[in-house]
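I have placed the structure first, in the form of structure tokens, so that the comments after it can refer back to it.
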Amino acid sequence: MMRNENNVFLSVRDLNVVYTSGKKIVHAVNGVSFEMKKGETLGLVGETGAGKTTIAKSILRILPDPPAKVLGGEILLDGTDLMKHSEKEMLKIRGEKIAMIFQDPMTALNPLVTVGDQIIEGLKLHNDYGEAEAAQKAKELLEMVGIHTERFKEYPFEFSGGMKQRVVIAMALACEPELLLADEPTTALDVTIQAQVLDLINKLKVKYGTSMILITHNLGVVAQTCDYVAVIYAGKIIEYGSKKDIFVDYAHPYTHGLFASLPSFSKDAPRLKPIAGSMPDPTRLPQGCAFHPRCPFVIEDCRNGEILLKEISQGHLCRCCNIQQKG
Amino acid sequence: MITAESTSTGIKPEKIEKTSLLLETLQRMVKGPGARVGTVLFALIVLASVFAPLIAPYGPNEMDLKNMYATPSASHLLGTDGLGRDLLSRLLYGGRYSLSLGLSAAVFGAFVGVIIGSIAGYFGGKTETLIMRLMDIWSSLPGMLLCILISAALGAGFFFTVLALAVGAVPEAVRLIRAQILKERTKEYLEAAEAINCSKFSIMFRHLLPNVVSPILVMMTMGIGMTITMAAALSYIGLGVQPPTPEWGALLADGRSHILTYPHLIMFPGLTIAITVLAINLMGDGLRDALDPKLRS
Amino acid sequence: MAKYILRRLLWMIVIVLGTAFIIFTILYFTPGDPAQAMLGGVARPSEVANLRHTLGLDRPYLVQLGDFLYKSFIKLDFGNSWVFGVPVFDELMNRLPRTLIIGLSAMVLNLTFGLLLGIFAGTHESKWQDSATMGIAMVFISAPDFWVALMMIVLFAAKLGWLPAYGIGGPQYYIMPIICAALAGIAVNARQTRSSILEVFREDYVTTARSKGQAESAVVRKHMLPNALMPVITIIGVGFARIVAGAPVIESVFSIPGVGLYMLNAVSARDYPAIRGSVLFFALFTTVVMLIVDLVYAFVDPRIKAQFSNRR
């Protein structure tokens with residue numbers, strides 16, 4: 001659909017997810033489709049509330065069932081549709097084929113269980129290890145993420161935020177998954193620790209050949225780690241392309257706004273340039289293009305009908321009637 | 001690149017309506033069905049007691065010696081007791097005592113508890129330790145036991161009973177307030193107030209307390225239910241208010257000896273207490289949900 | 001760890017001593033002369049004075065206090081009951097088993113049913129099982145326990161004749177008292193456990209566990225329950241305190257000759273030694289339970305345990 005290549009590893013087609021809260025319906029994901037090749041890193045970029053985490057959790061099918069509801073779509077992993085899997089079959093996928101790293105390391109670990117035991121839990125679920133063997137493997141994982149193996153029996157509260165995130169990474173990679181979903185893995189960390197953790201993720205990615213979906217709102221992180229980028233707005237992909245396509249040849253007015261809002265380090269700037277307005281209420285999305293109320297280039301066609309994702313150059317797609325391609 | 005002059009239509013910021021917090025809380029409180037039932041029921045009970053002289057068919061001590069121990073009938077809707085006194089009327093008048101006992105004790109206990117707890121929580125250090133240790137000793141005799149002792153020591157009468165009931169409630173109030181204050185103490189708005197030279201007491205009362213007021217309110221509301229029950233228990237065992245005061249617990253004591261023959265004397269007063277406390281608890285639950293910032297839309 | 005236990009034990013002793021001091025002082029300053037009350041209005045002043053002397057009531061406050069503390073704690077002698085003349089300590093020992101049976105059995109019921117119902121309601125949030133359980137819990141929290149006791153007597157003793165209404169004898173005499181004492185506690189426990197479970201439901205580490213491929217039942221067992229049960233430990237301690245507080249009234253309703261009823265009778269009769277003895281007994285009980293709760297936390301919660309272990 002997006003690129004005419006074989007060797008597609010993950011294919012998400014027309015994913016639609018809503019959250020019901022009382023009488024309100026929140027349209028979180030509205031027809032998202034993308035594909036990934038083995039070993040590549042896809043960045044999902046967007047503001048908070050755009051639907052990125054929902055997409056990731058849908059792939060793993062760990063959305064809380066009330067209130068979330070998947071209305072439709074297919075998620076093909078190596079050809080099999082995960083949406084059609086029974087819960088029992090999904091148990092084998094989670095942790096083994098697909099693993100997830102969560103946003104807040106402070107709350108991602110069970111405070112009452114030692115760090116070692118939490119890693120072992122994942123190991124034993126998908127392998128036939130005995131107790132000693134699992135412990136050994138867990139210690140190796142700890143070492144791999146840069147934690148002293150003596151800390152194997154320590155509890156989460158004895159670790160700092162950055163170290164906790166490393167534990168979470170060790171847990172996620174324990175069974176050598178083919179796909180890693182990283183939900184803002186560095187957002188809750190200090191900038192210096194951010195760099196270390198990103199570095200670690202990159203190294204491990206290369207070592208295991210893992211494909212990765214990296215969710216973030218930080219364009220700097222995207223630049224460091226991603227091969228391809230999808231910009232998400234109000235539950236839809238509004239621009240997609242390679243890193244170069246998005247960073248150099250961006251086309252969608254929203255993407256324009258994202259890059260324009262980054263302060264330049266070389267020039268003085270009297271004011272920051274945010275994008276005017278705010279994200280639409282997900283219970284009442286606007287007609288036509290979801291961005292049109294805020295768009296400086298809005299034309300009549302933007303207000304009605306469904307705007308489709310069009311290919312503007314090889315592998316670079318944009319969902320806009322009035323594309324403003326830079327360069 | 002987008003130029004600085006944006007020609008976008010933009011979205012105008014919505015006008016924020018200023019409703020009073022009290023009204024908003026009350027509105028939210030009666031959203032849930034339970035809270036609505038509870039509030040209405042409680043209001044009815046309070047009104048019935050306040051207007052007892054107008055509603056009650058008989059006086060609370062009016063004796064009808066030809067009709068003793070009567071079971072419910074048209075002339076005596078809930079029957080009569082051993083001295084021919086109409087049970088319904090006694091319940092209505094008794095409500096005044098039971099409700100006012102419960103309310104005063106809960107408010108008084110909460111008030112004292114808040115003051116002590118605020119001092120402990122805000123000043124911290126040795127003061128806090130000392131106060132919490134004292135609370136440990138204070139609560140080594142749980143609720144009802146302490147009430148019994150103090151009521152026996154002070155003697156009968158309305159005011160003393162309120163005192164006895166309030167004393168039992170204080171340690172829990174203190175613990176709750178202190179825990180809340182511990183949570184808030186580290187927040188920055190307090191540091192900011194200190195930085196502009198507010199006095200410690202001013203910070204405590206004008207900045208800290210309003211932010212911990214919600215759990216206090218909820219605790220006090222639930223506390224009313226507990227104090228009403230404890231007041232009834234006190235009367236039942238012969239302490240607290242004295243006969244012929246028709247306090248609900250006293251009515252239960254009256255009926256005790258004839259429990260096997262005239263159960264209606266036990267059933268109705270107890271049912272009244274149960275329904276009243278139920279209404280209060282429903283209200284309290286609704287209040288707690290209404291004040292919970294996490295549930296605010 | 002041992003140091004912590006020792007410190008808590010010492011503190012417990014201080015609390016009980018403090019309570020003894022308080023109860024003694026309250027009684028000392030209570031208006032009315034016990035000797036006068038015992039002899040009645042017609043007694044002559046010399047008789048009253050004699051009795052006061054015999055009972056040691058004419059000594060200064062501190063002497064009486066010291067004597068009381070010494071006798072109670074060192075010699076375990078609470079004096080003789082002013083009403084019956086028998087040693088208070090012996091009476092307490094006689095009555096202790098009955099109060100204990102009711103108290104401890106009610107605690108067990110609190111724990112098991114409270115937790116089970118709470119978990120049941122919490123794991124079926126917003127469905128009918130949840131509303132029904134919480135509704136019933138609400139009713140039992142609101143109804144005064146002694147009234148429920150009276151109604152149960154009407155139903156099971158009077159109308160159905162299944163259980164005896166008063167006194168003690170075989171196990172059947174304890175069934176209703178235990179149930180009545182436990183009801184409110186079960187309801188409170190159920191509600192607390194449910195909130196605890198719901199809070200834990202939304203915790204991130206639960207999602208982490210699921211994302212590892214852990215089956216739902218194991219997620220509940222290994223991750224949710226242990227964390228949800230932490231705050232419940234305190235509730236259990238408080239629940240015990242409530243049962244203790246309710247003992248006098250329950251024993252009064254069912255005419256169980258336990259320590260609670262003893263205290264009530266002592267209070268009406270102004271039998272000071274008996275009052276002091278029974279009050280101290282209750283205080284000791286409550287304090288011991290609180291100590292146990294604190295120790296359980298220290299053993300079970302790794303965050304607290306770490307403060308005392310020698311590891312770091």
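Figures for the structure shown
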| item | result |
| --- | --- |
| Odd one out for A:Met100 among (1) at pLDDT 90 or above; (2) under 21 Å from C:Lys222 (Cβ atoms); (3) more than 7 Å from every other protein chain (Cβ to nearest Cβ) | (3) |
| Breaking point among (1) within 12 Å of another protein chain (Cβ to nearest Cβ); (2) part of a helix (DSSP H, G or I); (3) of a type in the set (A, V, I, L, M), for C:Met176 | (1) |
| Filter result (of a type outside the set (A, V, I, L, M) and touching a residue at least 60 places away in the same chain (Cβ under 8 Å)) within segment A:155-192 | A:Gln165, A:Cys175, A:Pro177, A:Glu178, A:Asp183, A:Glu184, A:Pro185, A:Thr187 |
| Residue match in segment A:45-57 (condition: crowded, with 22+ Cβ neighbours inside 10 Å, in a strand (DSSP E or B) and in contact with a Ser or Thr (Cβ under 8 Å, 6 or more places away or on another chain)) | yes |
| Among the residues listed as A:Ile147, A:Ile120, the single one being farther than 21 Å from C:Leu225 by Cβ, surrounded by 19 or more Cβ atoms within 10 Å (Cβ to Cβ) and more than 10 Å from chain C (Cβ to nearest Cβ) | A:Ile147 |
| Residues of segment A:122-154 satisfying the condition of being part of a helix (DSSP H, G or I), without any contact (Cβ under 8 Å) to a residue 24 or more places away in the chain and not hydroxyl-bearing (Ser, Thr, Tyr) | A:Lys124, A:Glu131, A:Ala132, A:Glu133, A:Ala134, A:Ala135, A:Gln136, A:Lys139, A:Glu140, A:Glu143, A:Glu150 |
| 3 or more residues of a type in the set (D, E, K, R) and at pLDDT 90 or above: qualifying helices (runs of 4 or more DSSP H) within segment C:192-307 | none |
| Helices (runs of 4 or more DSSP H) (entirely within segment B:110-209) containing at least 2 residues that are β-branched (Val, Ile, Thr) | B:125-138, B:143-154, B:158-185 |
| Test: residue in segment B:62-84 that is within 28 Å of B:Phe42 (Cβ to Cβ), of a type in the set (Lys, Arg) and assigned to a loop (DSSP other than H, G, I, E, B) | no |
| Helices (runs of 4 or more DSSP H) wholly inside segment C:1-84 that include at least 3 residues being farther than 26 Å from B:Ser140 by Cα, more than 14 Å from chain B (Cβ to nearest Cβ) and not hydrophobic (A, V, I, L, M, F, W, C) | C:45-54 |
| Residue identified as hydrophobic (A, V, I, L, M, F, W, C) and either surrounded by fewer than 23 Cβ atoms within 10 Å (Cβ to Cβ) or in contact with a Gly (Cβ under 8 Å, 6 or more places away or on another chain) (or both) among A:Leu219, A:Leu180 | A:Leu219 |
| Inter-residue pairs, beta-carbon under 8 Å, first under 14 Å from B:Gly270 (Cβ atoms) and more than 11 Å from chain C (Cβ to nearest Cβ) and in segment B:231-250, second surrounded by 23 or more Cβ atoms within 10 Å (Cβ to Cβ) and polar (S, T, N, Q), 6+ apart | B:Glu247/B:Ser98; B:Glu247/B:Ser235; B:Ala250/B:Ser235 |
| B:Thr80, sole failed condition from (1) closer than 30 Å to B:Pro243 by Cα; (2) surrounded by fewer than 24 Cβ atoms within 10 Å (Cβ to Cβ); (3) polar (S, T, N, Q) | (2) |
| Residue list for segment C:235-269, filter: more than 7 Å from every other protein chain (Cβ to nearest Cβ) and closer than 14 Å to C:Val88 by Cβ | C:Val259, C:Tyr262, C:Met263, C:Asn265, C:Ala266, C:Ala269 |
| Restricting segment B:249-271 to residues that are outside any helix (DSSP H, G or I) and of a type in the set (Val, Ile, Thr), the residue that is farthest from C:Ser252 (Cα to Cα) | B:Thr261 |
| Complete set of residues in segment B:113-168 that are within 12 Å of chain C (Cβ to nearest Cβ), of a type in the set (S, T, N, Q) and touching a residue at least 12 places away in the same chain (Cβ under 8 Å) | B:Ser139, B:Ser151 |
| Yes/no for B:Gly113 being surrounded by fewer than 17 Cβ atoms within 10 Å (Cβ to Cβ) and over 18 Å from C:Pro144 (Cα atoms) | no |
| Any hit, segment C:227-234, residues being away from every other protein chain (no Cβ under 11 Å), within 16 Å of the chain's Cα centre (by Cα) and within 23 Å of B:Ala169 (Cα to Cα) | yes |
| Yes/no for A:Leu76 being within 13 Å of chain C (Cβ to nearest Cβ), of a type in the set (A, V, I, L, M, F, W, C) and in contact (Cβ under 8 Å) with a residue 60 or more places away in the chain | no |
| Any hit, segment C:122-145, residues being more than 12 Å from every other protein chain (Cβ to nearest Cβ), crowded, with 20+ Cβ neighbours inside 10 Å and either at pLDDT below 90 or over 25 Å from B:Leu260 (Cβ atoms) (or both) | yes |
| Number of positions in segment A:111-121 that are among the polar types (S, T, N, Q) and outside any helix (DSSP H, G or I) | 1 |
| Residue within segment B:64-84 that is touching a Pro at 6+ places or on another chain (Cβ under 7 Å), within 30 Å of B:Cys147 (Cβ to Cβ) and at pLDDT below 85 present | yes |
| Long-range neighbours under 6 Å by Cβ, at least six apart or interchain, first residue among the hydroxyl-bearing types (Ser, Thr, Tyr) within segment C:21-37, second part of a helix (DSSP H, G or I) | C:Thr30/B:Ala153 |
| Count of segment A:129-169 residues which are among the basic types (Lys, Arg) and touching a strand residue (DSSP E or B) at 6+ places or on another chain (Cβ under 7 Å) | 0 |
| Lone qualifier among C:Arg210, C:Arg202, C:Arg191 - being basic (Lys, Arg) and more than 12 Å from chain A (Cβ to nearest Cβ) | C:Arg191 |
| Residue within segment B:123-137 that is on the phi > 0 side of the Ramachandran plot and at pLDDT below 85 present | yes |
| Residues of segment A:48-59 satisfying the condition of being within 12 Å of the chain's Cα centre (by Cα) and not polar (S, T, N, Q) | A:Ala50, A:Gly51, A:Lys52, A:Ile55, A:Ala56, A:Lys57, A:Ile59 |
| Within segment B:185-228, tally of residues that are modelled with pLDDT of 75 or more, surrounded by 12 or more Cβ atoms within 10 Å (Cβ to Cβ) and charged (D, E, K, R) | 1 |
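Table: residues versus (1) farther than 28 Å from C:Leu76 by Cβ; (2) out of contact with any Phe, Trp or Tyr (no Cβ under 8 Å at 6 or more places or on another chain); (3) free of Cβ contacts under 8 Å to residues at least 12 places away in the same chain.
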position	(1), (2), (3)
C:Ile236	yes, yes, no
C:Ile250	no, no, no
C:Val253	yes, no, no
C:Met263	no, no, no
C:Tyr272	no, no, no
C:Ala283	no, yes, no
C:Asp294	no, yes, no
C:Val300	yes, yes, no
C:Arg303	yes, no, yes
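The values are calculated or read from the model by the stated rules, or taken from the named source; none is laboratory data. From a predicted model like this one, the values you see are computed outputs, not experimental measurements. With ideal geometry, Cβ positions are generated from the backbone for all residues, glycine too; neighbour counts draw on all protein chains shown.
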